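All remarks here apply to the structure that follows.
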Amino acid sequence: MKPLTECHVLVTPTSYGRNDARLKSELELLVGKVTYNTTGKPLSSEQLQGLLPDVDGYIAGLDVIDSAAFSAAHHLKVIARYGVGVSNVDLKRAADLGIVVTITPGANSKSVAELTIGLMLNLVRPIIYAATSTHKGQWPRTQGVSLEGKTVGLIGLGAIGKEVARRLGGFDCRILANDVVVDRDFADSIGVQIVDRDILLNESDIVSLHIPALPETQGIVDAAFLASMKPGSYLINTARGELIDEGALFEALDSGHLRGAALDTFVKEPPGGDNPLLSLSQVIATPHMGSHTDGATNAMGWMALRDCLAILKGEEPAHQVT
Ligand code: DGY
């Protein structure tokens, strides 16, 4: 095994170390070489192929880590994901090559939940529109929808779904949830009703997605899912773009069946100006920023750094996926 002082580590999340300079200084002190992503965006597979050949450890953002990228990874021992989602990593290829993949569970759950609540409030009260208009010297008399007395449906009651449910507790709304595995003690303690997905879709004024992108959840929000949603309801996605059939969502919004949507994630990121969803004023679009807080970036940074160094030193990582 190579000594740590000879290892080369690639760090691609653009927010790594932004709120705690020690994340960079400690890494730079311990390993031989560190390369940072200076593009300001997640890297493509082609960009990774140019960078990976002599990299031993990789603290990874939302880059496209596909089979072609792995073909350039001749020395790679670890991909320490800075976050929990691994839909951007070809896990099978990583396993075949003996490359350990780790994640940072819980590190960003509260921040993603906070963004979800912020988006929810912005959907039902047109805050962004009202603020922009007021800045322009206008004084619009906007009409909002109260959360009080409404029904919010959570698709997924894992770490992030639970944090959303906890925060909704103060809004006097009814909370429904659906998941494959359910923590009934948690649900009972918060007053969350566990229901079938069809009931959740039929009865919710707002549906929020909190499930991972897996082969079985890909495109789960299709035309049938959207048709089952209550007329005039809202959809929020702070999870993964791949969950949604974006064409079907455009139709549901354009026809007026859905009243609005807030999307922090897209099938292709950045979505590009030609994504039809961005042409709709009833869509709030944000740049996959659920984890962009001081708390989350520090927690993700330290967890990813520790696991990356553990593997390079031949130790057990704390949060291994493969
Ligand atoms: C996650 O946890 O995967 C977030 O999307 C940030 O990468």
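The values are calculated or read from the model by the stated rules, or taken from the named source; none is laboratory data. No experiment lies behind these values; they were computed from the predicted model shown. Cβ placement follows ideal geometry from the backbone for every residue including glycine, while neighbour counts extend to all protein chains displayed. Keep in mind that these areas ignore ligands, DNA and RNA; they rest on the heavy atoms of the full protein, side chains included. Shrake-Rupley method; radii C 1.70, N 1.55, O 1.52, S 1.80 Å.
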Filter result for Gly169 (surrounded by fewer than 21 Cβ atoms within 10 Å (Cβ to Cβ), free of Cβ contacts under 8 Å to residues at least 60 places away in the same chain, farther than 14 Å from Ile117 by Cβ and not assigned by TED's automatic domain parsing to the domain that holds Val86): no
Single unsatisfied condition, Phe266 versus (1) hydrophobic (A, V, I, L, M, F, W, C); (2) free of Cβ contacts under 8 Å to residues at least 60 places away in the same chain; (3) not in a loop (DSSP other than H, G, I, E, B): (3)
Qualifying positions in region 280-296 - more than 13 Å from the ligand (Cβ to nearest atom), small (Gly, Ala, Ser) and part of a loop (DSSP other than H, G, I, E, B): Ser281
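Taking region 11-37 only, how many residues are open to solvent by less than 80 Å² (accessible area, probe 1.4 Å), within 16 Å of the ligand (Cβ to nearest atom) and either modelled with pLDDT under 95 or not in a helix (DSSP H, G or I) (or both)?
Residues flagged as open to solvent by less than 80 Å² (accessible area, probe 1.4 Å), within 16 Å of the ligand (Cβ to nearest atom) and either modelled with pLDDT under 95 or not in a helix (DSSP H, G or I) (or both) within region 11-37 amount to 9.
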Some residue of region 126-144 being of a type in the set (Phe, Trp, Tyr), within 13 Å of the ligand (Cβ to nearest atom) and at pLDDT 95 or above: no
Residues (within 16 Å of the ligand (Cβ to nearest atom), under 18 Å from Glu315 (Cα atoms) and assigned to a loop (DSSP other than H, G, I, E, B)) located in region 81-104: Ile103, Thr104
Cβ-Cβ under 6 Å pairs, at least 6 apart or on other chains, region 225-253 side closer than 18 Å to Lys268 by Cβ, far side among the aromatic types (Phe, Trp, Tyr): Gly241/Phe266
Test: Leu277 is outside any loop (DSSP other than H, G, I, E, B), surrounded by fewer than 23 Cβ atoms within 10 Å (Cβ to Cβ) and either modelled with pLDDT of 95 or more or among the basic types (Lys, Arg) (or both): yes
Cβ-Cβ under 6 Å pairs, at least 6 apart or on other chains, region 290-318 side among the small types (Gly, Ala, Ser), far side surrounded by fewer than 22 Cβ atoms within 10 Å (Cβ to Cβ) and assigned to a helix (DSSP H, G or I): Gly301/Leu23
Ala261 being under 15 Å from the mean Cα position of the chain (by Cα) and within 24 Å of Asn108 (Cα to Cα): no
In region 116-129, the residues that are part of a loop (DSSP other than H, G, I, E, B) and of a type in the set (Val, Ile, Thr): none
Selection within region 290-309 - open to solvent by less than 10 Å² (accessible area, probe 1.4 Å) and not polar (S, T, N, Q): Gly290, Ala296, Met300, Gly301, Ala304, Leu305, Asp307, Cys308
